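What follows is a single structure, written as structure tokens, with notes after it.
The values are calculated or read from the model by the stated rules, or taken from the named source; none is laboratory data. Note that this is a predicted model, so its numbers are computed, not measured. Positions of Cβ are backbone-derived with ideal geometry, glycine not excepted, and every protein chain shown enters the neighbour counts.
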């Protein structure tokens with residue numbers, strides 16, 4: 001009976017983790033370029049000294065499916081239609097993102113709202129003084145007044161599971177996960193942003209289902225606990 005209580009208790013922990021994941025997704029439903037967090041569980045059976053025990057293994061993941069592209073008309077808003085990530089230079093190293101909500105810094109560099117520098121194939125992209133019309137074509141080539149000043153670095157990966165979330169819709173990745181051999185299957189859409197791929201309706205349904213499962217497991221624990229109290233009481237009579 002104690003084993004059943006421990007298993008139900010581990011189930012409560014699992015449902016609590018699901019609730020946290022759903023809450024994180026809902027909080028970022030309107031975050032540009034955000035990728036849905038996923039969580040799954042697996043029951044692991046083991047045997048020690050002839051006694052079988054069950055534990056619940058928690059697995060976390062990221063849903064990298066594309067979000068919808070939303071037109072903004074802002075010249076420095078960019079979305080990737082297809083595979084790949086924008087490359088950023090940050091104080092903590094290179095990061096990758098699908099959030100193309102960029103701006104120009106006081107030094108003329110194209111940066112994110114956190115100050116990370118947007119990388120081109122020759123380093124951080126710098127807009128020359130004097131301004132002019134900024135045109136970015138489908139392959140990420142940046143032209144100002146008809147003159148090419150750089151090309152966005154769009155990075156693909158051979159194994160997306162190696163990416164590590166680092167906050168602000170950015171990811172870190174080991175160099176050996178970068179795919180430089182395959183054909184680039186993307187278009188850069190200037191004046192667009194990629195929405196989060198979180199479905200609020202789906203998350204709310206999952207939240208309700210998860211809460212019901214949590215309550216059911218809690219009731220199981222209460223039932224077993226009451227039974228144990230009765231057994232102990234009867235033995236003491």
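Points worth noting:
- Residue 99 vs. criteria assigned to a loop (DSSP other than H, G, I, E, B) and at pLDDT 95 or above: yes
- Of residues in the stretch 180-237 being closer than 30 Å to residue 74 by Cα and modelled with pLDDT under 80, the one surrounded by the most Cβ atoms within 10 Å (Cβ to Cβ): 184
- Condition broken by residue 135, with the remaining ones in (1) in a strand (DSSP E or B); (2) touching a residue at least 40 places away in the same chain (Cβ under 8 Å); (3) crowded, with 20+ Cβ neighbours inside 10 Å satisfied: (3)
- Residue in the stretch 172-181 that is over 18 Å from the mean Cα position of the chain (by Cα), more than 17 Å from residue 121 (Cα to Cα) and in a loop (DSSP other than H, G, I, E, B) present: no
- If you go through the stretch 145-171 and keep only what is within 20 Å of the chain's Cα centre (by Cα) and part of a loop (DSSP other than H, G, I, E, B), you end up with 156, 158, 159, 163, 168, 169.
- Residue within the stretch 106-123 that is surrounded by 15 or more Cβ atoms within 10 Å (Cβ to Cβ), in contact (Cβ under 8 Å) with a residue 24 or more places away in the chain, more than 22 Å from residue 172 (Cα to Cα) and in contact with a strand residue (DSSP E or B) (Cβ under 7 Å, 6 or more places away or on another chain) present: no
- Verdict on residue 142 being outside the structural domain of residue 32 (by TED's automatic domain parsing), in a strand (DSSP E or B) and surrounded by 16 or more Cβ atoms within 10 Å (Cβ to Cβ): yes
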